[in-house]
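No lab work stands behind these numbers, since they all come straight from the coordinates. Treat the numbers as computed from the prediction; the structure is a model and nothing was measured. A quick note on method: Cβ atoms are made from the backbone with ideal geometry, for glycine too, and the neighbour counts reach across all protein chains shown.
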Amino acid sequence: AFYCPGGEDELLGDLGPAGRRAAVADRATLAASGESDRAAAARLAKAHGVPSGLRFSLFARVRLARLESSADPAEACRATLFRLYAFVVLLQVDRAAAEGDARGGPDESAEAAVAAFLAADQPELVAELFRALRYERAGVPKEVVEACLRALAALAGDRARAASTLAAMRGGGHPAILAALVSSTARRLIEAPRAPVGEALTAANLPKLELDAINADADAPVPIADALVALLSTLVTTHGGCLFLRDVSLLPALLPLLRNRNPRHVHVVSHAVHVLEIFMDYASQAAAAFRDLGGMQIVVQRLKHEAEDALAEHAATHGPQVEPSAAAPSESEGARGASEASAASPPSASPPSPSSPPEKPAPTYLVSSTRRVLLKALMRALALTNFSPGTNNVKVAGLEDGSLCAALNLVFRNPRLFGAGVFSLAANLLCDVMNHEPTCYPELEKQEVPQTFLAAWEGPDPGPSPSADALCCLPNALGALCLSPLGLARVKKSGALDALVAAFTSRAYQRAMHGETAGAIGGNIDELLRHVPDLQPAGVRFAIDVLRRLLEVGGMDPGPPDPEPWPDRAPSAAGDAEAAAA
């Protein structure tokens, strides 16, 4: 039924007097008719003079009436989904603007009823949603479970009702229900079939139907996992939500998910790591519990495996650019082959003819964005749990077994494949390791981490793609390496600082140097030279080279070059002895 607003309608003409109550149909009549929902709504609108502003409401009511009167459980499930997702949309729209648009319209009374419903606390609704989650194993459709999780996330994210929602969620045994759901979802993700990656996928030569079946089985638990992680991401941003997650025992429930290397679940794992990062940043006790559960070792191992999988997947997708070199003992064969994919191409057998046009360099493709997001999340979580204040007595995870060094080497050997964001975070992680435990440099030198990092900044096209983050991390990393005498000798011999000359004088870095980037780099260089006096001659030479290059770009004569050798390139006998000892 509806109350007619009166006036004229563009399709129906005169609607009669305003305020007239019209009964359109009942559920029994709709269930008996064999029409479709759209046809039944159009017939009823024409027969009873329903204005255009109320026709969608009529269609929605016709659809729900037919679904709820059906004896098929699937139809009742559809009706539940329509109601839950409509509730989610109502919570996320701008209600003030919607009420202003509806004021004075034909559906003003309906909008007022909706506003009154949304303004009231609904602890019973929260209890019913958790009841549906409780019976997830008893046969509640997974679509309904996903919709319930989305509705809980919308309720917890609404500022007007967040406090009452969290209070209702913490009672009635609801934390235990969510903990069981998190554990079961993580177990389903881990037990899902996994298709091979990289060279293993090529070697397996699976038929397309079999590969599609494996991917379909792997994707089956993903919708519920996405909705669950969305709920956790909403809860972890508030004080009350973190208290609720503490009652859920979030760390033991989510930690096994970090071992899941299924390529179809990378985005879920990255969101889970982000939730853990925020939760441990909120409570220092959570970070300590994470270390006690062996979480740092799991994070380091996943960081190494993720870098290997990213390179193997990239090589299988875009093909190797060069012949791979011999693999190091600490690296897997597939990852090492992909690790060499960013090196220069071998020379051709015959020189090109003068008449042929010059060949364009092959484009460099980054590894997949989902894997880069996960790598960043893993490195941030490791820095938070291992190098944050209050962790002075915590040993560096993954240093003794070489897993951390192997992961850093993979990133430093392929700066153009992993991108500036991953590269800069890896450089900051190297700084954290040196600042946390300066005596560990011999182990880093043994694993060739400093050599690989410095080599990434040497050559005609140094470092990753031009980026402010990558440029700012270089002086800090050099200062961290110089905390060790062996590292100082290694830095003085390298030409890593010369990479900043191109940054200040090349057009390719023009966008990266906008804003405060140049000032930040200059401040980092100033701090480096003040803390490491042995690099001051090299810093002066760097400044002179930048000025000379700027004069050349401006069309002026910079004068004759300085005949004196570079001070940082002429190591003393003590420096030679230190390098030999290294």
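Peptides 508-520, 184-196 ordered by packing proxy, namely the average of other Cβ atoms within 10 Å per residue, highest first: 184-196, 508-520.
Under the rule a/c < 1.5 gives rounded, and otherwise a/b versus b/c splits prolate from oblate, where does region 373-416 land using the Cα gyration tensor? Walk me through the intermediate numbers first.
Numbers: a/c = 2.89, a/b = 1.50, b/c = 1.93.
Judged from the Cα gyration tensor, region 373-416 comes out oblate (a/c at least 1.5, b/c at or above a/b).
What is the sum of charges around ILE190, taking Lys and Arg as +1, Asp and Glu as -1, for the other residues whose C-beta is under 11 Å from the C-beta of ILE190?
Working: positive: ARG187, ARG188, ARG194, ARG259, ARG261; negative: GLU191.
Summing Lys and Arg as +1 and Asp and Glu as -1 gives +4.
Pairwise Cα separations in region 208-294 fall into 5 Å bins from 0 onward with the following percentages, short to long: 3, 13, 24, 22, 15, 10, 6, 4, 3, 1.
Sorting the segments 467-474, 203-210 by their mean number of nearby beta carbons within 10 angstrom, highest to lowest, gives 467-474, 203-210. Here the 3J(HN,Hα) profile of region 168-184, calculated from phi with Karplus coefficients 6.51, -1.76 and 1.60 at θ = phi - 60°, is 5, 6, 7, x, x, x, 5, x, 5, 5, 5, 4, 5, 5, 4, 5, 5 Hz, Gly and Pro shown as x. Report note on the peptides 81-92, 168-179, 445-456: ranked by the mean count of other C-beta atoms within 10 Å, highest first, their order is 445-456, 168-179, 81-92. Across region 76-88, computed HN-Hα scalar couplings (Karplus, 6.51 cos²θ - 1.76 cosθ + 1.60, θ = phi - 60°) run 5, 4, 4, 4, 5, 5, 4, 5, 5, 6, 5, 5, 4 Hz from first to last residue, x flagging Gly and Pro. For SER36 and LYS142, a Förster radius of 25 Å and the Cβ-Cβ distance give a FRET efficiency of 0.35, rounded to the nearest 0.05. Round to the nearest 0.05 the FRET efficiency obtained for ARG511 and ALA160 when R0 = 41 Å and r is the Cβ-Cβ distance. The value I calculate is 0.45. What are the residues whose amide H is under 5 Å from the amide H of GLU458, where those residues sit 5 or more places off or on another chain and H is modelled from the backbone? Those qualifying (amide H under 5 Å, at least 5 residues apart or on another chain) are GLY463.
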